[in-house]
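The values are calculated or read from the model by the stated rules, or taken from the named source; none is laboratory data. The model shown is predicted, which means the values in this text are computed figures rather than measured ones. Here Cβ is always computed from backbone atoms with ideal geometry, including for glycine, and neighbour counts include all displayed protein chains.
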Amino acid sequence: MDPEVLIKRLKILENEENKIKKKIGEMEGSLVKKYVKCGKEKCKTCKFGKGHGPYYYLVTYKNGKQKWKYIGKNPRKYIKLRNLNLELKRLRNEKKKILFELKRIITLMLSNI
């Protein structure tokens, strides 16, 4: 494949990645749905059920520590963030493939010198 075409595609992917990052505000991580126990002895929701919720969180790791960020109760926001994260992963995988192909092309070109 033509290296110039790959480089153009790589730039397009980087622009798309930056747009998504702005939308999600650098909120990369795992999106988790969680039920919470309130700790009240007489709470029937906790005693006989899963607990209160579901509540949605974004789980990230910083300096080896797990951080939970509350997203809210609205699953639409959760689904939107999840879809944006999936798209971000897809873009990054495509970028990796292009970079791998460019390295392969460069190696071939250098071996022919």
note = All-but-one check, G72 against (1) surrounded by fewer than 11 Cβ atoms within 10 Å (Cβ to Cβ); (2) over 27 Å from M1 (Cα atoms); (3) at pLDDT below 90, failing number (1)
ask   = Out of L58, L31, L88, which single residue is outside any helix (DSSP H, G or I) and either touching an Asp or Glu at 6+ places or on another chain (Cβ under 9 Å) or of a type in the set (G, A, S) (or both)?
value = L58
query = Scanning the stretch 1-28 for residues that are in a loop (DSSP other than H, G, I, E, B) and over 19 Å from the mean Cα position of the chain (by Cα), which turns out modelled with the highest pLDDT?
reply = D2
request  = Go through (1) modelled with pLDDT of 90 or more; (2) in contact with a Leu (Cβ under 6 Å, 6 or more places away or on another chain) one by one and return the number of the condition K89 breaks.
outcome  = (2)
remark   = With criteria (1) in contact with a Lys or Arg (Cβ under 9 Å, 6 or more places away or on another chain); (2) under 30 Å from R104 (Cβ atoms); (3) surrounded by 14 or more Cβ atoms within 10 Å (Cβ to Cβ), Y56 comes up short on (2)
ask   = So which residues in the stretch 85-96 are charged (D, E, K, R) and either surrounded by 12 or more Cβ atoms within 10 Å (Cβ to Cβ) or touching a residue at least 12 places away in the same chain (Cβ under 8 Å) (or both)?
value = E87, R90, R92, E94, K95
request  = Answer with yes or no whether R82 is at pLDDT below 90, of a type outside the set (A, V, I, L, M, F, W, C), surrounded by 13 or more Cβ atoms within 10 Å (Cβ to Cβ) and part of a helix (DSSP H, G or I).
outcome  = yes
Positions within the stretch 10-42 being in contact (Cβ under 8 Å) with a residue 24 or more places away in the chain, within 16 Å of E87 (Cα to Cα) and basic (K, R), in sequence order = K21, K23
query = Going by the structure shown, is K50 farther than 26 Å from D2 by Cβ, basic (K, R) and touching a strand residue (DSSP E or B) at 6+ places or on another chain (Cβ under 7 Å)?
reply = yes
note = Within the stretch 61-74, the count of residues that are over 11 Å from V32 (Cα atoms) and either touching a residue at least 40 places away in the same chain (Cβ under 8 Å) or outside any strand (DSSP E or B) (or both) comes to 4
inquiry  = Given the criteria exposed (fewer than 10 other Cβ atoms within 10 Å of the Cβ), farther than 30 Å from K33 by Cβ and modelled with pLDDT under 95, does L108 qualify?
reply    = yes
